[in-house]
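The values are calculated or read from the model by the stated rules, or taken from the named source; none is laboratory data. Remember, predicted model here, so these are calculated numbers, not experimental data. Cβ: placed from backbone, ideal geometry, glycine included. Neighbour counts: every protein chain shown. Areas reflect the complete protein model, heavy atoms only, side chains present, ligands, DNA and RNA absent. Shrake-Rupley method; radii C 1.70, N 1.55, O 1.52, S 1.80 Å.
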Amino acid sequence: MADECLICGAPIEYLTEDVIMECVVCRKREPSKSRCIHGHYICSNCHTTGVDMIVSFCLQEKSTSPIDILEAMMGMPFCHMHGPEHHVLVGAALLTAYKNAGGELDLENVLLEMIRRGKQVPGGSCGFYGTCGSAVSAGIAFSLLSGTTPLSTETWGWANLLTSRVLERIGSLGGPRCCKRNSYISVLTAAEFIQEKYPVTLETADISCTRSQQNAQCIGKRCPFFC
């Protein structure tokens, strides 16, 4: 299964308390609640190596469909079945589609900021923090396209309402997690919300998941994208 240990293929285990782990790639030692059953650990920074390549991709992309843009990025070599890279990709797809649909953005700068903020959202936040990183990614994207800060008024409320709407839809399906399923829900929900607030048209389409065989915890027919 592609969602298991990237070193040996063994299942990943999640712990209730932090243990000090050493990344097998960069040798950095840090507390973590996840590791493979054989003890391998890859830190979030190494897990997301390559995500910076989305900037050049998105700057050349012309689509107004955030789902199509997301699918293209999820097909890149750096993107795994699950992982914190999705905390960047959801927002990047939304920002790129928004710009292509006529939204006013300095796309390169907001993408760089999207990467910086998205990388700060921990892996496993859906289970350990009670908020899925893909929903946070959608909220980050909305904050960027609206210029929202903690001192904003109307858009401050909108950004939080968007994230809550995404989380409601993700949470209503139940677990276990699937980064692809949650990313799809986040993009579709955010696209709908953005169009309510701004005069843009973001294309959406029916989604049929092609990766269920790579997910050992796939929820099958409970997933709206299962086929």
Taking the dipole about the Cα centre of the chain, with the C-beta of Lys and Arg at +1 and of Asp and Glu at -1, give me whichever of Pro31, Ala191, Val136 is farthest to the positive side. Pro31
Can you tell me the 0 to 90 degree angle between the C-alpha axis of helix 154-173 and the longest principal axis of the chain, rounded to 10? 50
Carbon/sulfur fraction of accessible area - the chain, other protein chains in place, 1.4 Å, %: 52
Do any of Lys62/Lys180; Lys197/Lys221; Lys119/Lys221; Lys99/Lys221; Lys33/Lys221; Lys33/Lys99 go past 27 Å between their Cα atoms, and which? Lys197/Lys221; Lys119/Lys221; Lys99/Lys221; Lys33/Lys221; Lys33/Lys99
What length, rounded to one decimal in nm, is gained on full extension from Gln60 through to Leu15, with 0.36 nm per residue of separation minus their alpha-carbon distance? 12.1 nm
The range 95-136 accessible area per residue, 1.4 Å probe, protein heavy atoms, integer Å², reads 46
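Over the range 138-224, average the accessible area per residue using a 1.4 Å probe and give it in Å², no decimals.
Averaged over the residues of the range 138-224, the accessible area is 50 Å².
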So the angle from the long Cα axis of helix 107-118 to the longest Cα principal axis of the chain, reported in degrees to the nearest 10, equals 40
Pairing the Cα long axis of helix 86-100 with the longest principal axis of the chain, what angle in degrees results, from 0 to 90 and rounded to the nearest 10? 20
Of the chymotrypsin sites (Phe, Trp or Tyr not before Pro) in the range 69-152, which ones lie in a loop per DSSP and count no more than 13 other C-beta atoms within 10 Å? Tyr129
Place the peptides 146-154, 45-53, 87-95 in order of packing, highest mean first, counting for every residue the other Cβ atoms within 10 Å and averaging per peptide. 87-95, 45-53, 146-154
Any idea what the dipole of the chain comes to, in debye rounded to 20, about its Cα centre with Lys/Arg Cβ at +1 and Asp/Glu Cβ at -1? 460
With +1 on the Cβ of every Lys and Arg and -1 on the Cβ of every Asp and Glu, and nothing else charged, how large is the dipole of the range 156-227 about its Cα centre, in debye rounded to the nearest 20? 360
Heavy-atom surface of the range 1-85, accessible at 1.4 Å and reported per residue (Å²): 51
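What is the magnitude of the charge dipole of the range 26-156 about its Cα centre, with +1 placed on the Cβ of each Lys and Arg, -1 on the Cβ of each Asp and Glu, and no other charges, expressed in debye to the nearest 20?
Dipole of the range 26-156, to the nearest 20 debye: 700 debye.
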Rounded to a whole number, the Stokes-Einstein D of the chain in µm²/s (Kirkwood radius over Cα pairs; 20 °C; 1.002 mPa s) is 120
